[in-house]
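Remarks on the structure that follows.
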Amino acid sequence: MKNKSVFTGRSLCVIEDFSNEERRYLFEQARILKAAMEHHDEEVLSRYRIDDRDFGIYEVFLEDSTRTKESFRNAANFHHAKVNDLSSESSSFNKGESYADTFFTLSGYANTIFIVRSKLEGVCRWLEESCAAYAARNQLWRKPAFINAGDGRHEHPTQELLDEFTFLEDNDYSCEELHLALVGDLFHGRTVHSKADGLTIFDRVRIDLVAPPELAMPEHYVQKMVDNGYVVRTFDSIDAYLAQGDVAKKWYFTRPQLERMGERILKREAELRRSITFRRELLPLIGEGTKFYHPLPRHKQHPTIPTFLDATSLNGWERQSINGMYVRIVLLAMIAGKIGEEFVPSEKPKAAVWEEYIHEVDLTDRPLKEKVVSEGVQPIHNGLVIDHILRGEEPGAIRDHMRLISSVLGLDESKGGEWVSTGGKDRERFKGIIFRPGEVGLSRKHLKRLAAVAPGCTLNLIKDGKVANKFRLSLPPRIYNFEDLACTNEACISHPDQDEGVPALFFRCHDNHFVCAYCETRHTFKQIWKSRNK
Ligand code: CP
């Protein structure tokens, strides 16, 4: 197998793992392949075939599937590769084996691409990382690649690929604009969540969210859409949507998953279903050229797209499902290094920028000042003072947070105390102060912890009554390598209750929230500490 393309050995854990121009390349190849399949053009098809019986493609589906599993299996068979399927019901998962150990084992048997469906969110990201280390320490010939075939409520990136390809087919392959209604269970549907980043292949995007409040799109996905420049509108039913004049020509339905929502919702089941189910009498209200799509399956008793629409021009969902195999054949060919050699990205991947978040204040030209702490706190002679904690927040919140800081820094057993003050230049705003007299040594690791738990604070190290060292701390770009960090999402592979031994890792995003590296759940800097979440 050739090994020169930028796609070789890549994983697809979330849709953004392939850039817009990489996805456009994939769609162009899918278009060529689909035409060749329809015309039995073996010469063209052979350019896509991996054609290597030793190239291992492994399906591991720990949740039910028909389309994703079978279209991947058929795609893998197209490639004349070695195709396997783990029988999860009789595997050692049932003896408590971890995901990492399971996939280490399968990687060792000359398998290169894994297609994984699981209820655990972020599982492919973790396996990509842990199996790369396994491959390196065991000198495996190829580093395994992972394709997320749906992880909990998180993402379904290959469904997103085939959805985008189908929209493009119906857009004359133009990426200029897309006006799409998302209808149904937008709360649970991972296929609609992937659209928050996926539809950025279109230059102008208008999204109409059609769902009752109980099934509404989670706010952080709506925010992501807005941040990505989409124009977003919301409606609580199909009737409300059709009652206004500006209706999309493309509708994307999803299956309601009311069974996940408890008794209270089930009492209103009929009403909720009606609000997101298309009805015969609505047909005159939709415009010519309208297409409906659905990732499928649709429920045989409660289909949101009724079966009488199958034989109408609204039917885009059958071709959408068929496209799944073409798109997946191309994706496997790209990851295997069979195609893509000629693709040259116009943008280089951004290099990581080193960012300093611990600033030591240069005190050399400053006269050593007596440390004065106001309002009843005795100045300390030796020790530390952490100042400006949560400036501007309410006293109760500041006190709570100071308890967390003390615990995170291991200061609970020392003398000293916590104080809420309105000191400094701004007498209207509260701030917290922690002081600990005596010898309190703080390492660089402590400073990193302090920056992560109390950004914006100032740390003063006091010696002989004077400020000997002063640090200003801001939020680190990444937080990891601390045992007391934890993602709050119970479905995340890194959540402590999953017992998968995955260390928590967070990246700071543009609005200073911390995003879990695996499941992408957003947290404030206060929420990522285990002691806070107990
Ligand atoms: N669209 C989709 O993921 O279908 P399956 O659950 O049948 O794979």
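Please treat every number below as a calculation from the coordinates, not as lab data. Note that the structure is a prediction, hence the values are computed from the model and not measured. Here the Cβ is made from the backbone with ideal geometry for all residues, glycine too, and neighbour counts use every protein chain on show.
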The stretch 118-152 residues near the modelled TYR109 label - backbone nitrogen below 14 Å, point 7 Å along Cα→Cβ:
none
For the chain, list the cysteines whose Cβ sits under 4.7 Å from no other cysteine Cβ?
CYS131, CYS175, CYS457, CYS509
Relative exposure of SER5, SER71, SER90, judged by other C-beta atoms within 10 Å (fewest first):
SER90, SER5, SER71
Over 31 Å between alpha carbons, listed pairs LYS4/LYS82; LYS95/LYS267; LYS224/LYS470
LYS95/LYS267; LYS224/LYS470
How would you rank GLU128, GLU281, GLU28, going from fewest to most other Cβ atoms within 10 Å of each one's own Cβ?
GLU281, GLU28, GLU128
Using the Cα centre of the chain as the reference point, and only Cβ charges (+1 on K/R, -1 on D/E), how large is the resulting charge dipole? Debye, rounded to the nearest 20.
1180
Tell me, in nm to one decimal, what length is gained between SER414 and GLU42 on full extension, where the rule is 0.36 nm per residue of separation less the Cα-Cα distance?
126.3 nm
Euclidean distance of C-alpha centroids, the stretch 224-297 and the stretch 1-58, integer Å:
33
If PHE167, PHE72 are placed from fewest to most neighbouring beta carbons inside 10 Å, the sequence is PHE167, PHE72
Net charge near PHE165: determine it from the other residues with C-beta under 11 Å of the C-beta of PHE165, scoring Lys and Arg +1 and Asp and Glu -1.
0
Could you state the number of Å between the C-alpha centres of the stretch 481-531 and the stretch 71-136?
24
Positive minus negative residues near LYS415 (Lys, Arg vs Asp, Glu; Cβ under 15 Å):
-3
Hey, could you get me the Stokes-Einstein D for the stretch 175-312, Kirkwood radius over alpha-carbon pairs, 20 °C and 1.002 mPa s, rounded to whole µm² s⁻¹?
140
In units of 2.2 N^0.38 Å, what is the alpha-carbon radius of gyration of the chain?
1.15
Hey, if you put +1 on the Cβ of every Lys and Arg and -1 on every Asp and Glu Cβ in the chain, which of HIS193, VAL408, ASN84 ends up farthest toward the positive end of that dipole?
VAL408
